[in-house]
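Q: Handing you this structure, nothing more for now.
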Amino acid sequence: MVVAIKGQQIKKILAKKNMSQNCFAMRLGVSSGYMSQLMTGIRNPSPGLRVKILSELKIDEGRFDEIFELKG
């Protein structure tokens, strides 16, 4: 089972927080290129990165499906 990011949903959340995708990438400790690949579905986040994303966006794990989707 693969877990992908819902890029459009994260873009909406970042816009509400007035945060750019590049700033978000820096806060997560990933490159802007890698973040772009995550947002477009080319790459998928590791379990550790998913936890960081939830934490940075202040989303509890119970709302996991708001920003992630299962593929496979």
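Q: Among the residues of region 59-72 satisfying the criterion of being acidic (Asp, Glu) and assigned to a helix (DSSP H, G or I), which is modelled with the lowest pLDDT?
A: Going through the qualifying residues, I end up with GLU61.
Q: Further question: Which residues, counting only those in region 19-65, are charged (D, E, K, R) and more than 16 Å from VAL2 (Cα to Cα)?
A: Matches in region 19-65: ARG27, LYS52, GLU56, LYS58, ASP60, GLU61, ARG63.
Q: When both residues are 6+ apart or on different chains and their Cβ atoms are under 8 Å apart, which pairs have a first residue that lies in region 1-24 and is among the hydroxyl-bearing types (Ser, Thr, Tyr), and a second that is crowded, with 16+ Cβ neighbours inside 10 Å?
A: Pairs found: SER20/LEU14.
Q: Oh, and also: Hey, ALA15 hits all of (1) surrounded by 15 or more Cβ atoms within 10 Å (Cβ to Cβ); (2) more than 12 Å from the chain's Cα centre (by Cα) but one; which does it fall short on?
A: The single condition ALA15 does not satisfy is (1).
The values are calculated or read from the model by the stated rules, or taken from the named source; none is laboratory data. What you see is a predicted model; the values in this text were computed from it and never measured. Neighbour counts are summed over all protein chains in view; Cβ atoms, including those assigned to glycine, are modelled from backbone coordinates with ideal geometry.
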